[in-house]
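Encoded as structure tokens, the structure appears first; notes follow it.
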Amino acid sequence: MFDQAQSLRELVGKRDEVRIISVASGKGGVGKSSISVNLAIALSRLGVRPLVVDTDFALANVDIMLGVTSRYDVSYFLRGEKSLNDIVQLGHEGVHFISGGSGVNALLNMGRDQLTQLMTAIINLDTPIDIIILDTGAGINENLLQMILTSTETAVITTPEPTAILDAYALVKTIVKRDSSHPLHVIINKCESMKEANRVQNGFMEVVGRHLGKSINPLGLITFDLCVPLSIKRQLPIMVSDPNCQTSREINQIARVLIDLPREEKSDGLLSRIFTRITGE
């Protein structure tokens, strides 16, 4: 199975201008899909052409989060009824996406050849793209690992919850055992404060480095914001429904770090805006 991932990575290398980022988590409910969708919107606003592929075939929900009713999903491609180019859809802010088709048996029981076929088609899409975001399923299974090992890098999402941290560590450990050179990022989500976020992030990175000998890149921290569950209920990404809220700003910072742009300077708040109005500067 490792040879399969290697051959697909070689294919990716032929399109070295395209980054493939797996967004993964050891545990469900950590905000993986929400981060995938909103990160893509943030990247699009920065001039990057993203494509989100929902590969959580058990519980695909990217189209729901985007408020779009998908007529076609990946199962149509695997059955030979549609090309992958036919099922690419356009969402908010110029973000293209492919629906995963929730609970479809053909997807849940996908074999090695079908996975290779799918990943090859994703890599060779006609749609102009700079970054492909694979919103993967939670947990650890062979298909998930093959997708991760095919990608150019992986962002592991966790929350401060102990079970989420342990499951994220188990995922990282499995990836490192299969390919110790695979680039890994970590995003800490749903934190009560930046103090907690930094504590969890630093502790996670320290444990991974000490026990696995792996350096993991801190991609960003996201504090809990009541605006997020409200946006999900409205089927409108937080970057669209409330672009100036704390979570949107934090996701925007993650997008900038991802493409090596300098972080935005923090505003001094209300007093700064009042001063600017008075002075006109």
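A compact table of results
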read-out: Residue pairs meeting the criteria (Cβ under 7 Å; at least 6 apart or on separate chains; first touching a residue at least 12 places away in the same chain (Cβ under 8 Å) and farther than 15 Å from Asp73 by Cα, in the range 115-135; second buried (at least 18 other Cβ atoms within 10 Å of the Cβ) and charged (D, E, K, R)); value: Ile131/Arg19
read-out: Enumeration of residues in the range 108-167 that are among the hydroxyl-bearing types (Ser, Thr, Tyr) and surrounded by fewer than 16 Cβ atoms within 10 Å (Cβ to Cβ); value: Thr120, Thr127, Thr163
read-out: Within the range 77-99, tally of residues that are crowded, with 20+ Cβ neighbours inside 10 Å, farther than 30 Å from Leu261 by Cα and modelled with pLDDT of 85 or more; value: 3
read-out: Any helices (runs of 4 or more DSSP H) falling wholly within the range 165-251 and containing at least 2 residues that are over 28 Å from Leu46 (Cα atoms); value: 194-212
read-out: One residue from Arg45, Arg19, Arg49 being at pLDDT 85 or above, surrounded by fewer than 21 Cβ atoms within 10 Å (Cβ to Cβ) and either of a type in the set (S, T, N, Q) or under 13 Å from the mean Cα position of the chain (by Cα) (or both); value: Arg19
read-out: Number of the condition not met by Leu226 [criteria: (1) at pLDDT 90 or above; (2) over 15 Å from Met65 (Cβ atoms); (3) not polar (S, T, N, Q)]; value: (1)
read-out: Options Ser241, Ser248, Ser272; residue that is at pLDDT 70 or above, hydroxyl-bearing (Ser, Thr, Tyr) and over 19 Å from the mean Cα position of the chain (by Cα); value: Ser241
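Rundown of residues vs (1) out of contact with any helix residue (DSSP H, G or I) (no Cβ under 8 Å at 6 or more places or on another chain); (2) of a type outside the set (Ser, Thr, Tyr), yes/no style:
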| residue | (1), (2) |
| --- | --- |
| Asn143 | no, yes |
| Leu149 | no, yes |
| Thr154 | no, no |
| Leu171 | yes, yes |
| Thr174 | no, no |
| Asp179 | no, yes |
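The values are calculated or read from the model by the stated rules, or taken from the named source; none is laboratory data. Here the structure is a predicted model, which means the values were calculated and not measured. As a convention, Cβ positions derive from the backbone with ideal geometry for all residues, glycine included, and neighbour counts pool all protein chains shown.
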